[in-house]
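Nothing in this text is a laboratory measurement; each read-out follows from the coordinates by a stated rule. Everything numeric in this text was worked out from a predicted model, so none of it was measured. Note that each Cβ is placed from the backbone with ideal geometry, even for glycine, and that neighbours are counted across all protein chains shown.
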Amino acid sequence: MYAFLTTISTWAIPAIIVFIPLYAYMKRVPVYESFVEGAKDGFQTSINIIPTLVGMMVAISVFRASGAMDWLVGLMRPLLDWFGIPSEVMPLAFLRPITGAGSLAFTTDLIKTYGPDSLIGRIASTIQGSTDTTLYVLTVYFGAIGIRKGRYALKVGLFSDIVGFVAAIIICMLIFV
Amino acid sequence: MVNAIWIFMLVVGFIAAAAQGRIEAVTEAVFDGAKTGVTVSFGLISVMVFWLGMMRIAEDAGLLKSLAKLLGPVVRYLFPDVPRNHPALGFIMSNMSANLLGLGNAATPMGIRAMQELQKLNPDKTTATPAMCTLLAINTSSITLIPTTLIAIRMNFDSANPAEIVGTTLLATMVATIAAIAADRWYRSRTKSPPHTQHHESNSVPAGP
């Protein structure tokens, strides 16, 4: 099953990139002109994201570099110990929604330190793979089209991050312990 | 809420650094973060330019319409207020498919393109519509069939079974996505026909993105 899924994953992009233009060409679409026409917007769209992304990255960077997170994790440690949850994975609860690269680095470090087949390694892998970086997705998607009032989108994203985090821990503890 | 989180991270970071007597870390972190923001945006350019070109071909060939029709019922359930033949639906479908296959760098341009189409239906160009919030709910929880990056990392560290987390990840991501869609539905129903919708419309900004 896994080998099958991996094959799909590696073949998907090359197959799509050949199929779309070929199909369009047979439908008499001027494929190259269409490509260039659509591609034009790519630059401006990326540039539109800069202000929102710089603003968000600055706050995230200050928060991480200051050691504020370690302090927050320390506050929660007694509660986790009580449930028998390894508190080593706790920083991921804060890192995962705010920085994809940061939480991936942290997960890699946990896997390196405790081993990929330890409970900590398995929980960290599952958390990392189960949600996307909410703050990044919101910043980029809203930033690209100039939305300043995101309504309840952030609340929904963070809520699903919490649910995903708790679900990852419970599922791993049920399956691997 | 984004304002609160932004100021929270800055102020708590400032206090924590000051308490540890290394306030200079804040200055360094500010410019590091700013640089990351610009680097990431520039890194997006190549991906955006390529995929937006590819998507235009698909659009011109009518492929997006077929895709939207194919998975119509699901999309109509999730996006009841987007007209049935609107181009946004095709982009939403391609964004969801790319996410499912774990094609992260293709999913973002398609998602942004979907947002641009949804923006055309938006009376107030600075405030998100419910459809935009639903699209974000799906993307932030993002169902992924194969967490390829994690499997590669586990392989690097000699895991006996690198792929054993595929099942647990799939379960967890499904739970997160169901939670996101449920929460989105709940908020959406609460904001149905609120008195301030009229207000927003009268205040609508004429300019584009």
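For A:Asp109 and A:Lys149, the difference between the fully extended length at 0.36 nm per residue and the C-alpha to C-alpha distance is 10.7 nm.
Rounded to the nearest 10 degrees, the inclination of helix A:119-130 to the longest alpha-carbon principal axis of chain A is 30 degrees. Each helix, a run of at least 4 DSSP H residues, gives -39500 (n - 2.57); summed and divided by the residues of chain B, these come to -24500 deg cm²/dmol at 222 nm. Between B:Phe8 and B:Asp158, the simple spin-label model (points 7 angstrom out along Cα→Cβ) gives 4.2 nm.
Relative to the longest principal axis of the Cα atoms of chain A, the long axis of helix A:153-176 makes an angle of roughly 60 degrees. Sorted into 5 angstrom bins from 0, the C-alpha pair distances of segment B:54-144 split as 3, 15, 27, 27, 19, 8, 1 percent.
Non-local lysine pairs in chain B, meaning eight or more places apart or on different chains, with alpha-carbon distances under 27 Å, amount to 6. Taking each DSSP H run with n ≥ 4 as -39500 (n - 2.57) and averaging over every residue of chain A yields -28000 deg cm²/dmol at 222 nm. Hull volume per residue, based on the alpha-carbon atoms of chain B and their convex hull, is 194 Å³.
Remark: the protein assembly as shown is approximated by an ellipsoid whose semi-axes, taken from the C-alpha gyration tensor as √(5λ), come to 34, 26, 21 Å, largest first. Across every direction, the projection of the convex hull enclosing the Cα atoms of chain A has a mean area of 14.1 nm². Evaluated over the Cα positions of segment B:112-196, the convex hull gives a direction-averaged projected area, one quarter of its surface, of 7.2 nm². Here is what passes the span test in chain B: the DSSP H helices with alpha carbon length of 15 Å or more along the helix axis and a Kyte-Doolittle mean of 0.0 or above are B:2-19, B:24-60, B:87-100, B:130-141, B:165-190. When only alpha carbons are used to place a centre, segment B:22-52 and segment A:26-46 end up 27 Å from one another.
For segment A:124-165, the alpha-carbon radius of gyration amounts to 1.27 times the rule-of-thumb value 2.2 N^0.38 Å expected for a compact globular protein.
Once the Cα atoms are used to define both axes, helix A:100-114 deviates from the longest principal axis of chain A by about 50 degrees.
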